[in-house]
1. What single numbered condition from (1) closer than 19 Å to B:Arg297 by Cβ; (2) part of a loop (DSSP other than H, G, I, E, B) fails to hold for B:Met352?
2. On the given criteria, is A:Gly193 at positive phi and either touching a Ser or Thr at 6+ places or on another chain (Cβ under 6 Å) or more than 10 Å from chain B (Cβ to nearest Cβ) (or both)?
3. I'm trying to understand the selection: among the residues of segment A:110-132, which are in contact with an Asp or Glu (Cβ under 9 Å, 6 or more places away or on another chain) and more than 9 Å from every other protein chain (Cβ to nearest Cβ)?
4. How many residues does segment B:173-193 contain that are surrounded by fewer than 23 Cβ atoms within 10 Å (Cβ to Cβ) and out of contact with any strand residue (DSSP E or B) (no Cβ under 9 Å at 6 or more places or on another chain)?
5. Name the helices (runs of 4 or more DSSP H) wholly inside segment A:184-248 in which the number of residues that are closer than 30 Å to A:Arg165 by Cα is 2 or more.
6. Can you find a residue that is open to solvent by 20 Å² or more (accessible area, probe 1.4 Å) and in contact with a Lys or Arg (Cβ under 9 Å, 6 or more places away or on another chain) anywhere in segment A:166-175?
7. Being facing chain A (nearest Cβ under 10 Å) and in a loop (DSSP other than H, G, I, E, B) is the filter; apply it to segment B:432-452 and report the residue that is nearest to the chain's Cα centre (by Cα).
8. Take A:Tyr316 and tell me if it is under 20 Å from A:Trp239 (Cα atoms), within 13 Å of the chain's Cα centre (by Cα), assigned to a helix (DSSP H, G or I) and among the hydroxyl-bearing types (Ser, Thr, Tyr).
Amino acid sequence: MIPGSTVVPSVLPLVLLLTSLVPALVIFGLREDQRRVRTALNLSGAFVKAAIVVVLIPVVLSGEKLRWSFAWIPGLEIVFVTDTFSLFFVGLSSALWLVTTIYAIGYLEGSPNRSRFFGFFSLCVTATTGIALAQNLFTFLVFFELLTLVTYPLVAHRGTPEAMRGARTYLGYTLAGGVVLLLGVAWLTLEVGPVEFVAGGIPAVAELAARDPATATVIGALLLTGVSVKAALFPLHGWLPIAMVAPAPVSALLHAVAVVKAGAFGIIRVVEDTFGFALFAELGLLQVLAVAAAVTIVYGSLRALTQDDLKKRLAYSTVSQVAYIALGAALLSPVATAGAIVHMVNQGVMKITLFFCAGLFAEELKVHRVSELAGVGRRMPLTAAAFTVAALGMIGLPPFAGFISKWALGVGALDAGQPWVVGVLITSTVLNAGYFLPVIIAMWTRPAAIPASEERAPRLSERGTRRIEAPAALLVPALVTAVLVVALGVGAGWEFSPWSLAQFIADGAWP
Amino acid sequence: MPPAPAALAALVPLVVFVPLVAAVVCAMVPVRARGTVAIAATLAGGVVVGVLWAGVAASGIVRVELAGWAAPLGIALQVDGASVAMLALTHVVLLAVFAAAAAEPRLTGSEAFWPLVLFAAVAISGVFVAADMFSVYVLLELLTLAAVALVALGGRGASAAALRYLFVAVTGSLFYLLAVALVYGETGTLDLTLAADRLTDGPVAAAALALVTVGMAAKIALFPLHSWLPVAHPAAPAAVSALLSALVIKASLFVLWRVYAAVGTAIDLAPVFAIATAAAGAAGVLWGGVMALRRDRLKTVIAYSTVAQVGYLVLILPLMLADGPGGEGAAVAGWSGGVVLAIAHGLAKAAMFLAAGALVVAYGSDKLSGLRGAHARMPLAAATISIAGVSLAGLPPTLAFAGKWQLLESSLARGAWWWVAVLLVGGLLTFAYVATMIRAMFAPPGEDPAPPHAPPRRTVSVAAFSLAAASVVVGIFPAPLVALIEAAAPLGGAL
């Protein structure tokens, strides 16, 4: 526990929101050809946000929380607080927003409707930041719904019938989930008032559960169901593989930081900071979550095995991997909690790398299928290397990031007296290997299916000069995140590493 | 500093007289100057409403006897929080509609638009402040005449719709007049508050309440008396449609609210009527939503959406009754939620119809299938429809979410699960047809065809967008509005 943690009124949480909101609103007003202004706005917003996070980390670790609030209607506040967990999530989203923005600028070079795209892109990050900083369930709900709305135009961006169908499915699932969440939040607010999150559980909620366990259970189930739709827990995952029709940077954002991760973050907020692990277990909901997560992990991996479409395989992999976070949150052990929290970062960085690479393959070689990836390791060695690193991380090999998560979850499961979870982890690891290793092997060892002429031609840029295998704006973000996959694993013991921070946050919730 | 009560009282009549003078002036000046007169009058009225807002927020309900004639005989005006809020909505919407109409005469149908709208504004503002039942009758009739004439401006094909509208609206007023006569016979007064005090419960009182309920239900197009609206609203010129949906039905709705607020606990059958009305509203939410989903014309979809939204706006009737579980807190939340939702609906509907008007001018028709590419070609109008649609669905960060949240809290506090279900399912249904509109305007990049006609002046889209933006801004900061409505809730049997 943080000794003598203090709450300081400050406008900084609001500034964190504005660093992406203001660029978004300005970008909407820009003409299509104002490319430089748009890029400058995007990058400066992302940089400022990341800088603020870096400055805030030591402040928050020293036990000082910054708080900004205003009365929304009499008796109900919108509250933003930078506690360790919210800052953790803001840090993740701002860092990955920065690299994704660079990637997206390169990816959408010359395509129409870019002002609309980048406007909603920034709004998406604003909503994620709001979700992270929300200090009561009401504020969380507002931004959770906002995220649904602002992501829709991104998924539908291409405007093709397929994109419209995907966006429609996405909207159907997430809005229905939002309605369930709204009911849960409204009901809980009625019962206990607009209470704020407390690491380890809100006392008023515990009182409610003591007074009326049935109501508390129903509310808990509603909240959990509401957030699980975005987290794509089985059987609420149906939207995710269809929403991958979105442009690659959107898929990267959706799978790594924004939508799916917001759902996972919500699960932890509900379990850890609203009900508390012990109470959630007492109400019988923690076991339900554990089973749902375990089923999702295996199911997602099995489905991923059979997908030939690369992005679809990655999407099912996300279904499976995000459930690790839910699984960690469903175990009564501080180590497992820390594992869940750190996996938010690890999965995000690994998955964003994979989607960046998938986008690179699609853009450069027009390759969308796993079966067409044979030999691309020779044509695009850097991209293939980045893909390999991230995929090995996903499988959970040391020293990559994914190993940390799996190790923590396994130790946590034993700590919590649930050895069957280790079985789930091992099964999943075997399946992960089953759907990633063939890709890696095909990329590096199989002969290329691409004709020799085509293999050479794209190496020249439009101006005819030589370049590396792909435009730098696309390649560099993928390489940066791939390096991060290694760094997160190797540097896990460092003082400010996500793993250390995750342990710190988890300890706060386990007095 | 809030204005003194006496000065405040003197200001109240201005909300009626300013548009009245403007209407007369407008009818006399040349066509070119009409827009200017109307906008100037609305701005002046807006200043009055602003002062009233400050005054009512500070010192509660303001009551004034015209020319010193006291009740039971005189004509009294009464301004509470909801009155001020509705007046504010009226002026904001009028301003946007006037700005759009002045820039693009094609949206108005005829020069007669200007004085007619101002006469309608007299009636609408009057209903929001009238304290006696007979004045309300006169104002409602004036409103009917002006509104029917405005629908008829839609040209060929609109006259049949206008005639049907006239028939329904006049019948509704007659029901109301009959009720007024019954109450006057029983109590010897026309003042609503006084009559509610003197009214003894019995068959006559119940019959009067039933007459008011049915009469107003017809005028607000409450299911199953709604069939005139999806014909009349789309037939009118775009600027008129915006006013009809946003403001005109709100006047009759306001009368219904006022009557239930006054006699809610004085008449034993009132809660039964309230629940029956709300049940009809719930059916309307579903029916209107399903019908909207199945239509393929923009303006018809928006009109059916009004049928659905009216259903929400009568949910307030059972929720604001003081007795029952949840007590006063639930009653106030229900009242305030309903009023906020009405304002949100007004902003969103006016924005949507104006934007639809802009699209119709450019695309020559409002067939959904013909609007491909509007997101890229007319982004402001498309964004307006999207934002207003989000507001109709009651999603954050728009104002309707504030109203819906309060209605939800009120229903939950009362243990009224059926209203909770209506609110939640209705919201999803709303977004389903809103999404149909949004989808129709998407097109693959590079394949967005240019609209066949020249788009209207930018002012139209800007005016429409301003209304949609207002619903977002007020939706993020609804506290002053909610505080105003809650601080000066109407006195009487309910609440």
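1. Answer for B:Met352: the failing condition is (2).
2. It is true that A:Gly193 is at positive phi and either touching a Ser or Thr at 6+ places or on another chain (Cβ under 6 Å) or more than 10 Å from chain B (Cβ to nearest Cβ) (or both).
3. A:Arg114, A:Ala127
4. 13
5. Because the criterion is at least 2 residues that are closer than 30 Å to A:Arg165 by Cα, the helices (runs of 4 or more DSSP H) in segment A:184-248 that meet it are A:213-231, A:239-242.
6. Yes, segment A:166-175 contains a residue that is open to solvent by 20 Å² or more (accessible area, probe 1.4 Å) and in contact with a Lys or Arg (Cβ under 9 Å, 6 or more places away or on another chain).
7. In this case the residue turns out to be B:Met441.
8. Against the criterion (under 20 Å from A:Trp239 (Cα atoms), within 13 Å of the chain's Cα centre (by Cα), assigned to a helix (DSSP H, G or I) and among the hydroxyl-bearing types (Ser, Thr, Tyr)), A:Tyr316 does not qualify.
The values are calculated or read from the model by the stated rules, or taken from the named source; none is laboratory data. What you see is a predicted model, and the numbers here were worked out from it, not measured in a lab. Ideal geometry is used to build each Cβ from the backbone, glycine not excepted, and the neighbour counts take in all protein chains shown. Keep in mind that these areas ignore ligands, DNA and RNA; they rest on the heavy atoms of the full protein, side chains included. Shrake-Rupley method; radii C 1.70, N 1.55, O 1.52, S 1.80 Å.
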